[in-house]
1. Share of the chain's accessible area from carbon and sulfur, percent, 1.4 Å?
2. In whole Hz, with x marking every Gly and Pro, tabulate ³J(HN,Hα) for the range 394-399 from phi via Karplus 6.51 cos²θ - 1.76 cosθ + 1.60, θ = phi - 60°.
3. My understanding is that a pair violates if its Cα-Cα distance is over 27 Å; which of Lys52/Lys327; Lys86/Lys219; Lys43/Lys457; Lys139/Lys456 do that in this structure?
4. Suppose R0 equals 30 Å. What FRET efficiency, 1/(1 + (r/R0)^6) with r the Cβ-Cβ distance, do Gln9 and Glu298 give to the nearest 0.05?
5. When the label point is put 7 Å from the Cα of Asp257 along its Cα-to-beta-carbon vector, which residues of the range 7-46 have a backbone N closer than 20 Å?
6. Using amide H atoms built 1.01 Å from N in the peptide plane, name the residues 5+ places from Arg66, or on other chains, whose amide H lies under 5 Å from its own.
7. What is the Cα centroid distance between the range 26-53 and the range 117-166, reported in whole angstrom?
8. Enumerate the amide H contacts of Ser481 below 5 Å, restricted to partners 5 or more residues apart or on another chain; note that Pro and chain-start residues carry no placed amide H.
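The values are calculated or read from the model by the stated rules, or taken from the named source; none is laboratory data. All figures in this text were calculated on a predicted structure; none of them were measured in a lab. No Cβ is skipped: glycine too gets one built from the backbone with ideal geometry, and neighbour counts run over all protein chains shown. Just so you know, the surface numbers come from the protein's heavy atoms only, side chains and all, with ligands and any DNA or RNA stripped out. Shrake-Rupley method; radii C 1.70, N 1.55, O 1.52, S 1.80 Å.
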Amino acid sequence: MSLAVELWQRYQDWLYYHSELGIYVDISRIRFTPDFVAQIQPKFVKAFADMKALELGAIANPDEGRMVGHYWLRSPEIAPTEELRKDITETIDRIEDFTRKVHSGIIHPPKAPQFTDILSIGIGGSALGPQFVAQSLAKADVPLKISFIDNSDPDGIDLVLDLLGDRLSTTLVLVISKSGGTPEAANGMKEAEAAFEKVGLDFSKQAIAITGVNSALEKYAIGNGWLDTFPMYDWIGGRTSELSAVGLLPAALQGIDIRAMLQGASLMDAATRIEDIHQNPAALLAMSWHFAGNGKGEKDMVVLPYKDRLLLFSRYLQQLVMESLGKEKDLDGNTVYQGIAVYGNKGSTDQHAYVQQLREGVPNFFATFIEVLQDASRPHPEVEAGVVTGDYLLGFLQGTRSALYENGRDSITVTIPSVSEVTIGALIALYERAVSFYASLVNINAYHQPGVEAGKKAAAKVLALQKQLVETLKASKVSLSLEEVAIKIDAPEQVEGLYHIARHLHANCKILLEGDLSKPKTLRMMLIE
């Protein structure tokens, strides 16, 4: 039997198709064997049981004593309590009611009949999900256009605000932070408040908080008379929050059909509850990831969506997969260093970027192709006899897939009929469940993020060190060396950190550095009054 015939048979044996969603999952180009499938089957028995427990309300994040319930968002009837079911449905109703009032002008800015723009301020999942959905489902004519402040970069913030320009007076601001204490979101809010004040606008009359109940941000918003607040549930993590108010409110305001997104996710959830690997698309993905990386993340996941609208899907998956699976310890406390690195860009752009290395360089990855069957919503001209641009795109995808496989590079292909609210919701749900299954297979907790918290604590120490440096210079009547500052604050081991802080303050005209900048030890510094 020829290789082509064998692959065709393998394709038929392992192809998954969801008839209602029109979604295909093809893992035939992952070279697992029947023996591997038999060996991993017992682990899936546990994975299916773990998933049942999760949806029934088990404490899945023991670090914080929290349930994990993003699956309830699109099927409130399975939430473990009546209170939760009511809260979910009422929040969706409130989002739709608020959106209707904004679109009709009942809720409007103080100096104009209607809002024209949204400024979304958040970080991590509070930004990546809304950005991915906005890019995927964008239209030329939308009720409100959306911009994002998603970093603590002053220049980036200036650019966003400058591009809004005079439309700041008709911009609805969404501040998204579970606690209100996340520095990037808090900084973005303060920058926006200052921008509004600078041009004589009342920020509170154009601001919404999406935050935890009784959080510092909710109290601040209510105390300052903001337009409204919407809940971020403590049982939802940022990377799985897109189908909560975090993602649904900005999506609805842009004119996106949020009920269709929820329907797509719910349909996919139902498919991924089936306790049969062959009939469960998320289980197929998790099994393939496990085989490709030997259950240890030994190969990266390169995500290649062949659609401009899905450009941000790799960034969205990067957080979902890497924050969930990148863990030092397993559930038994063993050091395992788990994780799957995710990166990617859109096809066919990649064929002029890094496909050369994918085919002939280090074979340290497996690819995930995202195919969209519908070219566009309207006809396109032929670029040569009988061929349109979409035909070329298919050729590039299939050609790259074949070229990689021929040279020992495995791949998965996920195919959707079109980019729509239903299919975007389904893709979100598919990968959320695949991550959960994979975590169970390798015995880690997908729902905590101690590494992220460690980074936040380290950043706080740097800011505290900066305050000590500035206070020391303020109290000194003469310039000081790095070592002298370190001794004065009783932190001689922090001299390199002080150097990095001093260099940054010097670049921003807050302190003066004297000496040879290429020789840090020679530098002396003083505060610029």
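1. On the way: 12970 of 24400 Å².
Carbon and sulfur together cover 53 percent of it.
2. 4, x, 4, 5, 5, x
3. Lys43/Lys457; Lys139/Lys456
4. Numbers: r = 28 Å, r/R0 = 0.94.
Given R0 = 30 Å and the Cβ-Cβ separation, E is 0.60.
5. Inside the label zone: 18-24.
6. Counting only residues 5 or more places away or on other chains, the set is Ala60, Asn61.
7. Centre-to-centre distance over Cα atoms comes out at 39 Å.
8. Met525
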